[in-house]
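Presented below is the structure to which this report refers.
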């Protein structure tokens, strides 16, 4: 029988896992519809100028990557947590570099820490 502490760790890991499955998939899918927000506004202008295609196409690619990341978290939360943490950190650094949406950058860094924590918990809980 599991002790209470182990059960709490598993519950916390599962909660974080579901968050990092659902949020990337929803945000990724929204890159195609822009129902939640106009995602292109978050692009660093320097990056837009380097792209060989439109910002909308870039955001569609980002959307696909985010959906895949969410699915990886579902199947392999240990690896997926590190992947999502790195992805969120890169997004935050891009926002910080452009000095735009600093509140979103801070939020993404906090989410990156949570994704990293979920990966660490997954290692403990799943062995």
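Checking 48, 91 one by one, the residue that is assigned to a helix (DSSP H, G or I) and free of Cβ contacts under 8 Å to residues at least 12 places away in the same chain is 48 and no other. Selection of first residues in the range 115-127 that are at positive phi and surrounded by fewer than 13 Cβ atoms within 10 Å (Cβ to Cβ) and of second residues that are modelled with pLDDT of 90 or more and assigned to a helix (DSSP H, G or I), restricted to Cβ pairs under 8 Å at least 6 apart or on distinct chains, gives an empty result. Being in a helix (DSSP H, G or I), over 17 Å from the mean Cα position of the chain (by Cα) and surrounded by 15 or more Cβ atoms within 10 Å (Cβ to Cβ), is that true of even one residue in the range 96-112? Yes - at least one qualifying residue is present in the range 96-112.
Only one entry of 80, 28 meets the criterion of being under 30 Å from residue 126 (Cα atoms) and in contact (Cβ under 8 Å) with a residue 60 or more places away in the chain, and that entry is 80. When 109, 93, 74 are checked against the criterion of being farther than 18 Å from residue 25 by Cα and modelled with pLDDT of 95 or more, 109 stands alone in meeting it. Scanning the range 1-32 for residues that are in a loop (DSSP other than H, G, I, E, B), surrounded by fewer than 15 Cβ atoms within 10 Å (Cβ to Cβ) and under 18 Å from the mean Cα position of the chain (by Cα) returns a single hit, 32.
Among residues belonging to the range 51-63 that are in a helix (DSSP H, G or I) and in contact with a helix residue (DSSP H, G or I) (Cβ under 7 Å, 6 or more places away or on another chain), point out the one that is surrounded by the fewest Cβ atoms within 10 Å (Cβ to Cβ). The selected residue is 56.
Looking at the range 27-49, can you tell me whether even one residue there is within 16 Å of residue 114 (Cβ to Cβ), out of contact with any strand residue (DSSP E or B) (no Cβ under 8 Å at 6 or more places or on another chain) and modelled with pLDDT of 90 or more? So far as the range 27-49 goes, yes, one or more of its residues are within 16 Å of residue 114 (Cβ to Cβ), out of contact with any strand residue (DSSP E or B) (no Cβ under 8 Å at 6 or more places or on another chain) and modelled with pLDDT of 90 or more.
Candidates in the range 64-83 are the residues that are within 11 Å of the chain's Cα centre (by Cα) and within 18 Å of residue 42 (Cα to Cα); of these, the one that is surrounded by the most Cβ atoms within 10 Å (Cβ to Cβ) is 66.
The values are calculated or read from the model by the stated rules, or taken from the named source; none is laboratory data. Quantities reported herein were computed from a predicted structural model and do not represent experimental measurements. So basically every Cβ, Gly included, is an ideal-geometry build from the backbone, and we count neighbours across all protein chains shown.
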